[in-house]
Amino acid sequence: MGTLNQDKVKVMVLKLDRDIDVGDMEKICAIIDRYRSRGYAFSILDLGAVNHVNFLSLKQLSQTAGKQKDAGGGLALSGMSGYLKNIFQIVGVYSDFKYFSNCSRGIQAIQKERLAKDLDVAVIHGKNLQTIY
């Protein structure tokens, strides 16, 4: 069981809607880094609409997860298909993340783990990564 570190926990949810190449992953990691600098130590990437992630980009995402952990938070993935799970396992980064069936369950788990009384959830829709970066 967690300890109450703060009354408000900040969670950033990035809802992705297309396949992710190396350039997209650079933008995604930059967004996570930017939100972490604003106090959002927890991030959830919603991969429910993603069919493929370029395996060359996963080490960068793993490094970003390490930064989130160092900041006292974490990086979770939700809605991941079996195909994506296999890619993460083959690359060797599967254990670097927490997994949830959907974003709501991830948010609830973070709140419960941190015993947070209040949440600040920022939801970003990644329809066009160019405009949000």
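The values are calculated or read from the model by the stated rules, or taken from the named source; none is laboratory data. It should be emphasised that the depicted structure is a prediction, and the values quoted were computed from it without experimental measurement. Every residue, glycine as well, gets a Cβ built from its backbone with ideal geometry; the counts of neighbours run over all protein chains shown.
The listed residues are Leu61, Leu56, Leu16, Leu47, and the only one of them that is of a type in the set (A, V, I, L, M) and over 21 Å from Ile124 (Cα atoms) turns out to be Leu56. Filtered by the rule that a residue be under 28 Å from Asp21 (Cβ atoms), buried (at least 20 other Cβ atoms within 10 Å of the Cβ) and either in contact with a Leu (Cβ under 7 Å, 6 or more places away or on another chain) or hydrophobic (A, V, I, L, M, F, W, C) (or both), the stretch 101-121 gives Cys103, Ile107. For the stretch 4-48, the set of residues classified as assigned to a helix (DSSP H, G or I) and either in contact (Cβ under 8 Å) with a residue 40 or more places away in the chain or crowded, with 21+ Cβ neighbours inside 10 Å (or both) consists of Asp24, Lys27, Ile28, Ala30, Ile31, Ile32, Tyr35, Arg36, listed by residue number. Annotation for the stretch 78-99: no member residue is outside any helix (DSSP H, G or I), farther than 22 Å from Lys8 by Cβ and at pLDDT below 95. The condition (being touching a Lys or Arg at 6+ places or on another chain (Cβ under 6 Å) and β-branched (Val, Ile, Thr)) is satisfied by just one residue among Val13, Val9, Val53, Val22: Val9.
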